[in-house]
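Everything on this sheet refers to the single structure shown next.
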Amino acid sequence: MNRHDQNMERTFAALPPAHGRGFAHTWWGQAWLKALEDTALDSQQLKAGRRLARAGCVGAVSVRPGRITAVVQSRGGTPHRADVLLEELDGEQWDRFLDMTVERAGHVAALLDHEMPPHLVEDAAAAGVELLPGMGDLEPECDCGAWDHCGHTAALCYQVARLLDQDPLVLLLIRGRGERALLGDLQARGTTPTEEPAEPEGVDAAEAYRTGGILPPLPTPPELPTEPGVPPSLDTEAPPGPGVDPAALQYLAARTAAEAHRLLAEALRSQAEPNAPDEELTLAQDAVRLAAGGGETAVVDRLAEGSGRDRQGLARATRAWHLGGAAALSVLEEEWTVSGEALARARAALESAWDEDERPSLRASGNRWTVVGAPAQLRLGRDGRWWPYRKERGRWVPAGAACRDPATALASAEPDAGEEPA
């Protein structure tokens, strides 16, 4: 492999959820999935991977020679780095593949059209070059600690099958050759492709990145303090002014310091994407935000009273806040009628989320779908995400983070092994 190939990498933006459709429609995409399904030892992990991929839990996919990488959100919202390794072709194998390709003009034309006809793969195999992976070739690595394919690496493989459907040259990049290097090697062997791939309009991203070296470097960002700052003590001999509660003021100062620390952490996070500005919170919502930080009983009691809740209601509200902020709080406290296009999308998502023999019986009321005969419920947010709820002591409480896939969300509401339903 030459130096150009060693530096080759393509990053594909996260694909939308794949509700109600298969992951591979081309024969080479299906061959990729067969290699995964023949390799994995746990069919339940494959099923979990399909659900994560269908729910859109796979982030941007980085593809480079020998490795594909993505961050995959688990069922509970925890991010995991998932890698899948595939052995690169060595120099001798590439030489045989290129020599075989230039002997038949149809092979060159197929590659230019981003196609991978069976006869091209068969001719490559006859030359001793296996382009598509076989059983055991897709090697998983995940920071969740699994030694075999886990749900995260399986989800990554299902997502890559969709990428391969769109462009089989992604497979050649994993095997060690990018598109430009491949065409250059073909031309060097005396074959001039009849049609060059269309150049995209604008400036090539790699060139734009390289020109950044002529600009002065940005200043080093400040380091993030390990903990929020501590507000000054209000324990003085002077009595408080009229209407001033020192404990409440101390609490507000501490929460302000914690919020400032959180905002700074987001600003310094590497490769952070700009977030849409948050909507202004109501007084009742802001009381929950403050209560979510804990505090003295007297302060929490004041927050409960000021927000129109009792202590139990505030506890449920702070539980929702920890799971998803204002959006989760709205789902907890607001019941609305799903109609029109939103209802059609919700029904389609519920229909495609489970296999026929696995689909639970659900009773709908507004934006809430309750499992018949079980203390579990799905609530649909106005943004189209599904929130799991579980019945505890006669009340519905949030059971996990939101998910685009209702089946994945509902699994969060199921009691843990050995836990008795409340």
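The values are calculated or read from the model by the stated rules, or taken from the named source; none is laboratory data. Predicted model only: the values in this text are computed from it and were never measured. Quick reminder, even Gly has a Cβ in these numbers, built from the backbone with ideal geometry, and neighbours come from all protein chains shown. Surface areas here come from the heavy atoms of the whole protein model, side chains and all, with no ligands, DNA or RNA. Shrake-Rupley method; radii C 1.70, N 1.55, O 1.52, S 1.80 Å.
On inspection, Ser352 passes the criterion of being open to solvent by 20 Å² or more (accessible area, probe 1.4 Å), in contact with a His (Cβ under 9 Å, 6 or more places away or on another chain) and not basic (Lys, Arg). Scanning region 368-389 for residues that are modelled with pLDDT of 90 or more, closer than 25 Å to Val288 by Cα, surrounded by 21 or more Cβ atoms within 10 Å (Cβ to Cβ) and over 24 Å from the mean Cα position of the chain (by Cα) turns up at least one hit. Filtering region 355-367 to residues that are open to solvent by 60 Å² or more (accessible area, probe 1.4 Å) and closer than 19 Å to Trp396 by Cα leaves Ser361, Arg363, Ala364, Ser365. Within region 359-384, if we keep just the residues that are assigned to a loop (DSSP other than H, G, I, E, B) and without any contact (Cβ under 8 Å) to a residue 40 or more places away in the chain, the residue that is nearest to Gly400 (Cα to Cα) turns out to be Asn367. Taking the stated definitions as given, is Ala48 open to solvent by less than 40 Å² (accessible area, probe 1.4 Å), on the phi < 0 side of the Ramachandran plot and in contact with a Lys or Arg (Cβ under 6 Å, 6 or more places away or on another chain)? When the stated conditions are applied, Ala48 does not pass them. Answer yes or no: is there a residue in region 264-281 that is open to solvent by less than 90 Å² (accessible area, probe 1.4 Å), modelled with pLDDT of 75 or more and touching a Ser or Thr at 6+ places or on another chain (Cβ under 6 Å). No: zero hits. Which one is farthest from the chain's Cα centre (by Cα) among residues in region 106-117 that are without any contact (Cβ under 8 Å) to a residue 60 or more places away in the chain and in a helix (DSSP H, G or I)? Of everything passing the filter in region 106-117, Gly106 is farthest from the chain's Cα centre (by Cα). Of all the residues in region 126-140, those that are under 10 Å from Asp38 (Cβ atoms) and either surrounded by 14 or more Cβ atoms within 10 Å (Cβ to Cβ) or of a type in the set (Lys, Arg) (or both) number 3. Here Asp83, Asp113, Asp38, Asp90 are screened, and the one residue that is open to solvent by less than 70 Å² (accessible area, probe 1.4 Å), acidic (Asp, Glu) and under 29 Å from Ala126 (Cβ atoms) is Asp38.
The rows are residues; the columns are (1) in contact with a Gly (Cβ under 7 Å, 6 or more places away or on another chain); (2) at pLDDT below 75; (3) open to solvent by less than 90 Å² (accessible area, probe 1.4 Å).
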residue	(1), (2), (3)
Leu218	no, yes, no
Leu234	no, yes, yes
Pro239	no, no, no
Ala257	yes, no, yes
Val288	no, no, yes
Gly293	no, no, yes
Glu296	no, yes, no
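Taking the stated definitions as given, is Ser352 touching a residue at least 40 places away in the same chain (Cβ under 8 Å), closer than 20 Å to Glu280 by Cβ and either assigned to a helix (DSSP H, G or I) or polar (S, T, N, Q) (or both)? No; evaluated as a whole, the condition is false for this residue. Residues in region 147-164 that are more than 20 Å from the chain's Cα centre (by Cα) and either closer than 14 Å to Gly29 by Cα or free of Cβ contacts under 8 Å to residues at least 12 places away in the same chain (or both): 1 in all.
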